[in-house]
Each structure stands twice: as C-alpha cells, then as structure tokens.
Amino acid sequence: MEERLQKVLAHAGVASRRSCEELILAGKVKVDGKLITDLGIKVDPEKSVIEVAGKPIPGKEQLIYILLYKPAGFLSTVHDPQKRRTVMDLIHGVRQRVYPVGRLDYDTSGLILLTNDGELANDLIHPSREVEKTYRALVKGIPTGKCLGELAKGIMLEDGKTAPAQVRVKKIINGNALVDITIHEGRNRQVRRMFQRVGNPVIRLKRIAFGPLKIGRMKPGEWRYLTDREVEILKRLRKK
Ligand code: URA
C-alpha cells in the first residue's frame with residue numbers, strides 16, 4: 001500500500017515523522033536510487049527500495065507462527081538468567097525473534113505457540129478472550145464424582161473462583177486417574193492448583209490442545225510452522 005514517504009520512514013523506526021521530513025528535505029533519502037526531496041511523494045514500502053543516508057531501511061519482518069511440543073524441563077521464556085534450557089533452545093534455524101504466547105510450567109509438557117505477531121499473541125492471552133486449552137493430567141488417586149463436579153463448576157483458589165471447565169476421566173492407571181480438563185483461563189499453575197484443591201494432586205501434566213491446535217502425533221521437542229489456514233482460524237477466534 002502506498003503511503004507518504006515520511007510516514008513509511010517513521011513506521012520503519014528511522015525517526016519521528018517530523019525528523020523524517022527533515023531527512024527528506026536535507027536530501028538524505030532515495031527511493032529506488034532516485035533522490036527525493038519532496039514531502040508529498042507516496043511510496044509502497046513492499047515494492048520500493050528506500051535508502052536513508054545510503055542504507056536501506058529495514059523491511060517489515062515476516063510474521064511467523066510456530067507450534068512447539070515443549071518437553072518437561074524447559075522454560076517457556078526467551079531467556080533465563082539462571083541459564084536453564086528454554087523453548088528457544090528447541091527451535092533452531094528460526095531467524096525471526098519469536099516469543100511464547102502464554103506460559104507452560106517448567107515441568108509441564110505440551111503445546112505452546114511461538115510468534116513475532118505481538119497483536120495476535122496479546123489477543124490470544126487476553127483474559128476476556130482466552131482461547132480454550134486442554135490439558136491431560138495424571139492425578140494421584142481417583143477423583144470422586146463430587147470433585148469432578150466442583151472442578152467443572154468452578155472452585156475457589158487463592159486468586160478467586162475458576163471459570164467453568166470441562167472435565168473427563170479418560171483412564172485409571174494403577175489407582176491413579178488420567179483426566180482431560182479444558183479451561184479458558186491462564187492463571188499461574190492453574191490446573192495443578194485446581195486438582196490440589198480437590199485432593200488429587202497432579203503427577204504429570206501435558207497440554208494437548210491450544211484452541212483449535214491439537215497435539216496429534218507430535219513428539220516432545222518437535223515443532224512446525226502453522227499453515228496459513230491455521231493462522232486464519234486463530235485470527236478469527238480473537239474477533240469473537
Ligand atoms: N496449568 C498448570 O498448572 N500448569 C501449566 O503449565 C499450565 C496450566
């Protein structure tokens with residue numbers, strides 16, 4: 001899309017709009033090799049090479065979306081001052097600076113989205129529009145029907161009552177239960193605290209779905225780019 005040259009320069013982070021006007025008037029700006037000193041000119045930054053003082057301005061960074069199966073034992077942060085392993089250690093060869101959308105505990109495994117699309121990331125974790133997330137929890141003992149009902153209705157935690165959740169017991173393994181729980185909040189250690197509260201602490205926790213994205217046959221440590229269609233679906237979710 002064509003826009004005034006000074007606006008394009010300002011959007012690229014060259015300087016403020018006013019300072020960019022001064023740069024143009026001072027004869028420092030070239031468009032496709034041609035010196036421009038006219039403030040009225042419009043350009044399409046996707047199609048033209050724009051230089052300031054002989055250097056091309058940075059283009060718009062391509063937005064990317066990565067779905068990672070985080071293994072337990074990795075932090076879902078970009079950097080750890082204590083030098084523990086982070087999700088960044090798992091996505092080699094990605095040039096763009098991406099960051100995780102929301103968090104998974106160090107000891108939780110499962111799906112996490114990484115992107116450089118700040119707008120979409122904010123929308124997906126905004127409390128009023130939090131996407132549904134499904135966790136598979138191996139919990140100690142077998143929750144009673146009453147406990148399952150409480151988890152589903154919402155239970156009181158230190159930071160308030162949880163919103164209604166869907167809870168399904170999948171299997172009993174050696175006296176413990178494998179339970180799928182779908183929530184659409186993202187409070188700190190929420191699932192662990194919920195099960196702790198009803199007396200069935202979590203032994204192992206894995207996020208198996210993030211909105212419409214399912215873990216399927218992915219293996220721990222594996223990642224892939226989202227398809228255009230998946231990105232579209234995520235973008236549509238936030239408009240609801
Ligand atoms: N709930 C938890 O308790 N831990 C997570 O990592 C995510 C949700």
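Listed residues 111, 138, 124; which is outside any loop (DSSP other than H, G, I, E, B), away from the ligand (no atom under 12 Å from the Cβ) and under 16 Å from the mean Cα position of the chain (by Cα)?
Among 111, 138, 124, only 124 is outside any loop (DSSP other than H, G, I, E, B), away from the ligand (no atom under 12 Å from the Cβ) and under 16 Å from the mean Cα position of the chain (by Cα).
Across the range 14-68, what is the number of residues that are modelled with pLDDT of 95 or more and closer than 30 Å to residue 208 by Cα?
Count: 4.
Restrict the check to the range 56-70 and report whether at least one residue is free of Cβ contacts under 8 Å to residues at least 12 places away in the same chain, more than 25 Å from residue 218 (Cα to Cα) and surrounded by fewer than 11 Cβ atoms within 10 Å (Cβ to Cβ).
There is no residue in the range 56-70 that is free of Cβ contacts under 8 Å to residues at least 12 places away in the same chain, more than 25 Å from residue 218 (Cα to Cα) and surrounded by fewer than 11 Cβ atoms within 10 Å (Cβ to Cβ).
Look at the range 179-208 and say how many of its residues are in a strand (DSSP E or B) and either more than 8 Å from the ligand (Cβ to nearest atom) or within 21 Å of residue 71 (Cβ to Cβ) (or both).
11
Six or more apart or on different chains, Cβ atoms under 7 Å: show the pairs whose first residue is in the range 211-240 and farther than 20 Å from residue 92 by Cα and whose second is open to solvent by 40 Å² or more (accessible area, probe 1.4 Å) and in a loop (DSSP other than H, G, I, E, B).
Close Cβ pairs satisfying both conditions: 211/132; 233/212; 238/129.
Exactly one of (1) within 16 Å of the ligand (Cβ to nearest atom); (2) farther than 19 Å from residue 97 by Cβ; (3) charged (D, E, K, R) is unmet by residue 70. Its number?
All conditions are met except number (2).
The values are calculated or read from the model by the stated rules, or taken from the named source; none is laboratory data. What you see is a predicted model; the values in this text were computed from it and never measured. No Cβ is skipped: glycine too gets one built from the backbone with ideal geometry, and neighbour counts run over all protein chains shown. Accessible surface is based on the protein model in full, side chains and every heavy atom, while ligands, DNA and RNA are left aside. Shrake-Rupley method; radii C 1.70, N 1.55, O 1.52, S 1.80 Å.
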